[in-house]
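Engineer: Just dropping this structure here.
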Amino acid sequence: MKIVTSDVLPSLEEQGVRQLYSKGPNVDFKKELRSLNSELQLHILELADILIERPSQYARRIEEISTVFKNLHHLLNSLHPHQARSTLIHIMELQIKRRKQALEDIKRRREVAQRILNESLATLDGH
């Protein structure tokens, strides 16, 4: 029995949220995360100013901050498949390294056993 699962991350548009970072398959996650982080810092500073100068107008800034947080969260969730792939690559590279080491160890032990066998045969032939 084969079970097929589909773990598709719904787009921000499907969730009714405006996407603030570039679209497409080749997203530069590091650049986009930094950009969203800077934007978040700016909005928080603006919120502090608004709370001091015009407290009644804070709701719009809160909504903008919420949108940035949702974009950050979505972008981070988009990284999970890349992280999983990198982890699997690393695990497989370690397995290959260990297997090569085990193979070298077997070859070395075979050579030692062959040498001991040849020495034993030479000793028997000499008597």
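The values are calculated or read from the model by the stated rules, or taken from the named source; none is laboratory data. All values reported here derive from a predicted model rather than from experimental measurement. Here the Cβ is made from the backbone with ideal geometry for all residues, glycine too, and neighbour counts use every protein chain on show.
Engineer: Filter region 27-47 for residues that are closer than 13 Å to HIS82 by Cβ and among the basic types (Lys, Arg) and give the result.
Structural biologist: LYS30
Engineer: A further question on this structure: Look at region 5-55 and say how many of its residues are of a type in the set (Val, Ile, Thr), at pLDDT 85 or above and within 16 Å of SER78 (Cα to Cα).
Structural biologist: The total comes to 1.
Engineer: For region 57-93, which residues satisfy the criterion of being touching a Phe, Trp or Tyr at 6+ places or on another chain (Cβ under 8 Å) and in a helix (DSSP H, G or I)?
Structural biologist: Scanning region 57-93 gives ASN71, LEU75, SER78, HIS82.
Engineer: While we're here: Which one is farthest from the chain's Cα centre (by Cα) among residues in region 24-53 that are surrounded by fewer than 10 Cβ atoms within 10 Å (Cβ to Cβ) and outside any helix (DSSP H, G or I)?
Structural biologist: Within region 24-53, the match that is farthest from the chain's Cα centre (by Cα) is GLY24.
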